[in-house]
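Participant: I'd like to ask some things about the structure below.
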Amino acid sequence: MKPRFGLGRKSGLAGDALPGEDDALVTPAEALGFDEGTPIADTAPIRPDLGPPAPGPQSGNQPGSGLGLVISVAVSAVVFVLAIYATGAPTANPLPLAQTTNALFWLVAAIATAGAGLGAVYADRTASGPGALELFEHAAGSMAWIVPVVATAAAITLVATFHNTTMIIAGPLIAFLGNAGSLLSRDLLDDADDSAQRTATTIHALVIHIVAFLALSAIYLNKLPTPVTALLVAIVTTLLAIEALERKPIVPSRRIVLALLAGGAVAAVSVPLMWWVTHGWTGGAVLFVAFYCAVGIVQTMIERGELRPRDAIEYGVVPLAAFIVLAITA
């Protein structure tokens, strides 16, 4: 009698019993050639293309990059409108950024700055593709908003400070490059392999330092009261230092402490600088050099644990050169 479907006697051929053979039934797995007790689900698929996707990021699927460009264009469009709004005859207000602006201007500016930060977090979250239950956690821990917020605020402040036709082009351009450059450089860091990691890190650091120069210069150009200037310089430096140290092998609490120390160091430089008789972009350049040295020393100590002679020369000669330039141009 032939066995029922799926059950056969052990033999050379499934389903055909030979005389004198053991009457033990053959399971479907044994009929297919698997050892008894081997889970079928754990075996390799017959067609590799039907198997589970390989672990790691899937190439060609970066929706956050395109979304980041859209957000950058939207923010730069708002800055363009604000730049047109700020042009006109200046008033007698001694503060440059308040000579052609009003409460409506700064309300829209605040909304645009907040929107740049929220949009950056959303684009970064979309690019990383977390699950639905991880969205809020990812947004709360993301530092993607720092550079776009600082870049947008710097662009708006420069637009309000100069309030001329040149800033109608330069202001939106600064906002676009700051937002798009930050998001794209973060995407490069996430997707780069070992061979391209150095290039991606260099691009990310370049974006941070350009934004730092523009933001610190925007603060200095307005000659705000010294306590206000020092506070703003400390905030900008601390935020950008946190972004620069985000991917370093260090616990978050220590990262924040080191960033605060860097912010305090640059703020301390801004206090005597406000007493120096200098104008224009020179003061902003000096603050940028202080930022470069403070953040650079912190990064070097985290990565190597000590300062080499070449590091000491770099972080000593560069500030000295900046001081000489400041003294000559004053």
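The values are calculated or read from the model by the stated rules, or taken from the named source; none is laboratory data. Treat the numbers as computed from the prediction; the structure is a model and nothing was measured. Quick reminder, even Gly has a Cβ in these numbers, built from the backbone with ideal geometry, and neighbours come from all protein chains shown. The accessibility values were calculated without ligands, DNA or RNA, using every heavy atom of the protein model including side chains. Shrake-Rupley method; radii C 1.70, N 1.55, O 1.52, S 1.80 Å.
Participant: From the residues in segment 86-114 that are hydroxyl-bearing (Ser, Thr, Tyr) and surrounded by fewer than 18 Cβ atoms within 10 Å (Cβ to Cβ), which one is modelled with the highest pLDDT?
Facilitator: Thr87
Participant: What's the number of the condition Thr226 fails, among (1) among the polar types (S, T, N, Q); (2) touching a Phe, Trp or Tyr at 6+ places or on another chain (Cβ under 9 Å); (3) surrounded by 18 or more Cβ atoms within 10 Å (Cβ to Cβ)?
Facilitator: Failing condition for Thr226: (3).
Participant: Looking at Ala175, Ala170, Ala205, Ala200 in this structure, which one is among the aliphatic types (A, V, I, L, M), in a helix (DSSP H, G or I) and crowded, with 22+ Cβ neighbours inside 10 Å?
Facilitator: Ala175
Participant: Yes or no: segment 237-254 includes at least one residue that is open to solvent by 30 Å² or more (accessible area, probe 1.4 Å) and within 24 Å of Pro96 (Cα to Cα).
Facilitator: Scanning segment 237-254 turns up no residue that is open to solvent by 30 Å² or more (accessible area, probe 1.4 Å) and within 24 Å of Pro96 (Cα to Cα).
Participant: I'm trying to understand the selection: among the residues of segment 245-279, which are closer than 20 Å to Ala327 by Cα and hydroxyl-bearing (Ser, Thr, Tyr)?
Facilitator: Ser270, Thr278
Participant: Within segment 122-149, how many residues are in contact with a Pro (Cβ under 9 Å, 6 or more places away or on another chain) and either exposed (fewer than 13 other Cβ atoms within 10 Å of the Cβ) or modelled with pLDDT of 90 or more (or both)?
Facilitator: 2
Participant: May I ask you to say which residue of Ala312, Ala285 is open to solvent by 30 Å² or more (accessible area, probe 1.4 Å), in a helix (DSSP H, G or I) and farther than 20 Å from Ala212 by Cβ?
Facilitator: Just a single option satisfies the conditions, and that option is Ala312.
Participant: When you check Leu231 against the structure, is it under 22 Å from Thr157 (Cα atoms), exposed (fewer than 15 other Cβ atoms within 10 Å of the Cβ) and among the aliphatic types (A, V, I, L, M), yes or no?
Facilitator: no
Participant: Of these, Ala321, Ala234, Ala262, Ala294, which one is touching a residue at least 40 places away in the same chain (Cβ under 8 Å) and not in a loop (DSSP other than H, G, I, E, B)?
Facilitator: From the options Ala321, Ala234, Ala262, Ala294, the qualifying one is Ala294.
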